[in-house]
Amino acid sequence: YQRGMVYDALGKYQLAIADYKSAVKYNPDLVMANYAVAVDHDTLKNYIEAKKWYQKFINESKNQNDEYVKYAKKRLAQI
């Protein structure tokens with residue numbers, strides 16, 4: 001997950017996405033990685049995947065009033 005964040009900072013979104021997906025594979029409770037995947041797909045204008053990952057993040061988030069969840073719902077409505 002941390003390496004994915006570094007890749008994000010470097011603008012290497014495909015590498016970041018791969019690391020985030022790997023992080024969730026090994027730690028399913030790391031729902032923020034789903035959000036990061038969604039944002040990266042959104043940044044790459046891959047809206048179909050972005051919608052899928054935003055929805056996955058929303059579904060798995062425990063706090064539905066969280067700012068990240070609110071943003072994810074907003075983006076789902078906009079895409």
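The values are calculated or read from the model by the stated rules, or taken from the named source; none is laboratory data. All figures in this text were calculated on a predicted structure; none of them were measured in a lab. Ligands, DNA and RNA are excluded from the accessible area calculation, which covers all protein heavy atoms including side chains. Shrake-Rupley method; radii C 1.70, N 1.55, O 1.52, S 1.80 Å.
In a Gaussian network model over the chain where Cα atoms closer than 10 Å are linked, find which of Ile48, Ile17, Ile58 has the largest mean-square fluctuation. Of the options given, Ile48 has the highest mean-square fluctuation.
Protein heavy-atom surface of the chain, 1.4 angstrom probe: 54% of the accessible area is carbon and sulfur, with nucleic acids and ligands not counted.
For the range 52-66, the Karplus equation 6.51 cos²θ - 1.76 cosθ + 1.60, evaluated at θ = phi - 60°, returns couplings of 4, 6, 4, 5, 4, 4, 4, 4, 9, 6, 7, 9, 6, 9, 4 Hz by residue, with Gly and Pro reported as x.
Ordered from longest to shortest, the equivalent ellipsoid semi-axes for the chain are 19, 15, 10 Å, each the square root of 5 times a Cα gyration tensor eigenvalue. Where only DSSP H runs of four or more residues are counted, the chain gives -24000 deg cm²/dmol as its mean residue ellipticity at 222 nm, each run worth -39500 (n - 2.57).
Residues Glu49, Glu67, ordered by accessible area of protein heavy atoms at a 1.4 angstrom probe radius and largest first, appear as Glu67, Glu49.
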